[in-house]
Amino acid sequence: MNRIMKTVILALGLGVLWLVLIIGSASKSGRAADHLDAPLVQIDGRIDINDVYAFTRGSNTVIVMTLNPAAGVLSPTTLKPGVRYEFAIDNNGDAVEDLVFRLRVSHPDHGGRQNVILQKAVGAEMLIGHGGTVIASGKSGDTVSVQDGGSLFLGLREDPFFFDLIAFRRGLAFCVPDPAPDFFAGLNVSAIVLEVPTSSLIQSSSNIGVWARTGAGGQQFERMGRPVINTVLIPSGSKDAFNATHPAEDVATWTTAATASLVALNGDPAYSAAAARILLPDILTLDTAAPSGFLNGRALTDDVIDIALTVVSKGAITTDCVDANDKTFLTSFPYLAPPHP
């Protein structure tokens, strides 16, 4: 399937989708991972978080946020001035952020490059929404040094998400001959990649929780930790409301809805209730002292589709037979593959 055909499918609204269509009674709108997961973010890809990754590299931890689904096709290739792009870190297990990395950008110059400022916010600075100590500044497209160690990158990269969307649309007809099984091959995203010393993230243990969020003023546009929560478990009419809340509210506010969605997928109320207790709150948890890999963080190479299919269907569906990304990931910073032309 060539890029033009993919563009047509995306424009028709079949585009980027994920497991929500498994639920026969659910909304038939297009989704994938967390691409275009709610009405508000469908307006502007620059505020739409596609995926979040967190994994260790030696003594460092890498956190990644991708935005602008199908960048250059459906979405812009730059980020939005005035928007806060934030990584929230919980290092004591209470589902409340203890540390925030806050990124802001300027308007693009004539070459499409943006000035980038990264702040580290703690305490009251996190609540204010615009405070923090500047720990990095530079230009998009460059690898920027971070104060006290580490690196920052913002720019166009190849979309690391992989999934057989077309087989999914054919009634879950996975693992049959297909000339282009990875629908996302050839598509790009905007990526924020931050690598910092693990010691700067942890507190009393090696465990942290990570989620990403976008917002401006007092409004939170979107948040994401794990790749299945809002897209699969939250009803179509509540997706913007979910994005406006916070992980510490998830168990009390969203457990009933998440459990009902899981029951619709696998038919087992007891199993679904247990799974909901594991999947909420929507935080990507990472034990930095253990090997990274979903559900312990999320590495770029993790086949989250297969894992999620297995979990939400209680083993009825275990694979889409797309086991790797279409481009090889880099072994050094910024790790994501360069963008497609």
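The values are calculated or read from the model by the stated rules, or taken from the named source; none is laboratory data. Note that the structure is a prediction, hence the values are computed from the model and not measured. Using ideal geometry, Cβ is built from the backbone for each residue, glycine included, and neighbour counts are taken over all protein chains shown. To get the accessible areas, we keep the full protein, side chains included, count just its heavy atoms, and leave off ligands, DNA and RNA. Shrake-Rupley method; radii C 1.70, N 1.55, O 1.52, S 1.80 Å.
Here region 56-69 is the region considered, the condition is being surrounded by fewer than 24 Cβ atoms within 10 Å (Cβ to Cβ) and within 18 Å of the chain's Cα centre (by Cα), and the residue that is nearest to Ser205 (Cα to Cα) is Thr56. Among the numbered criteria (1) at pLDDT 95 or above; (2) open to solvent by 40 Å² or more (accessible area, probe 1.4 Å), which one does Val189 miss? With (1) at pLDDT 95 or above; (2) open to solvent by 40 Å² or more (accessible area, probe 1.4 Å) applied to Val189, the lone miss is (2). Within region 216-226, is even one residue of a type in the set (Phe, Trp, Tyr), within 15 Å of the chain's Cα centre (by Cα) and modelled with pLDDT of 90 or more? Within region 216-226, one or more residues are of a type in the set (Phe, Trp, Tyr), within 15 Å of the chain's Cα centre (by Cα) and modelled with pLDDT of 90 or more.
On the stretch given as region 64-112, residues that are part of a loop (DSSP other than H, G, I, E, B) and under 30 Å from Ala289 (Cβ atoms) total 8.
For region 53-95, filtered to residues that are in contact with a Ser or Thr (Cβ under 8 Å, 6 or more places away or on another chain) and β-branched (Val, Ile, Thr), the residue that is modelled with the lowest pLDDT is Val73. Candidates are the residues of region 115-127 that are more than 22 Å from the chain's Cα centre (by Cα) and either buried (at least 20 other Cβ atoms within 10 Å of the Cβ) or part of a loop (DSSP other than H, G, I, E, B) (or both); the one that is modelled with the lowest pLDDT is Gly123.
Filter region 204-214 for residues that are at pLDDT 95 or above and more than 22 Å from Gly293 (Cβ to Cβ) and give the result. Scanning region 204-214 gives Arg213, Thr214. Comparison of Asp303, Asp320 shows that the only residue that is of a type outside the set (Val, Ile, Thr) and modelled with pLDDT under 95 is Asp320. Of all positions in region 128-144, at least one carries a residue that is assigned to a loop (DSSP other than H, G, I, E, B), open to solvent by 20 Å² or more (accessible area, probe 1.4 Å) and modelled with pLDDT of 95 or more.
Counting only strands (runs of 3 or more DSSP E) that sit wholly inside region 181-279, those with at least 1 residues that are aromatic (Phe, Trp, Tyr) and touching a residue at least 40 places away in the same chain (Cβ under 8 Å) are 207-216, 219-224. Screening Gly45 against (1) modelled with pLDDT of 95 or more; (2) out of contact with any His (no Cβ under 6 Å at 6 or more places or on another chain) leaves a single unmet condition, (1). Return yes or no: is Gly267 open to solvent by 40 Å² or more (accessible area, probe 1.4 Å) and modelled with pLDDT of 95 or more? It is true that Gly267 is open to solvent by 40 Å² or more (accessible area, probe 1.4 Å) and modelled with pLDDT of 95 or more. I'd like to know if region 289-301 contains one or more residues that are among the aliphatic types (A, V, I, L, M), open to solvent by 30 Å² or more (accessible area, probe 1.4 Å) and farther than 24 Å from Val210 by Cβ. Looking for residues that are among the aliphatic types (A, V, I, L, M), open to solvent by 30 Å² or more (accessible area, probe 1.4 Å) and farther than 24 Å from Val210 by Cβ, one finds none in region 289-301, hence no. A search for C-beta distances below 8 Å between a residue of region 315-328 that is within 26 Å of Arg157 (Cα to Cα) and open to solvent by 70 Å² or more (accessible area, probe 1.4 Å) and any residue that is part of a loop (DSSP other than H, G, I, E, B) and of a type in the set (A, V, I, L, M), counting only pairs 6+ apart in sequence or on different chains, returns Thr328/Ala337.
Does region 152-165 contain any residue that is without any contact (Cβ under 8 Å) to a residue 40 or more places away in the chain, within 30 Å of Val73 (Cβ to Cβ) and open to solvent by 20 Å² or more (accessible area, probe 1.4 Å)? For region 152-165, residues without any contact (Cβ under 8 Å) to a residue 40 or more places away in the chain, within 30 Å of Val73 (Cβ to Cβ) and open to solvent by 20 Å² or more (accessible area, probe 1.4 Å): absent.
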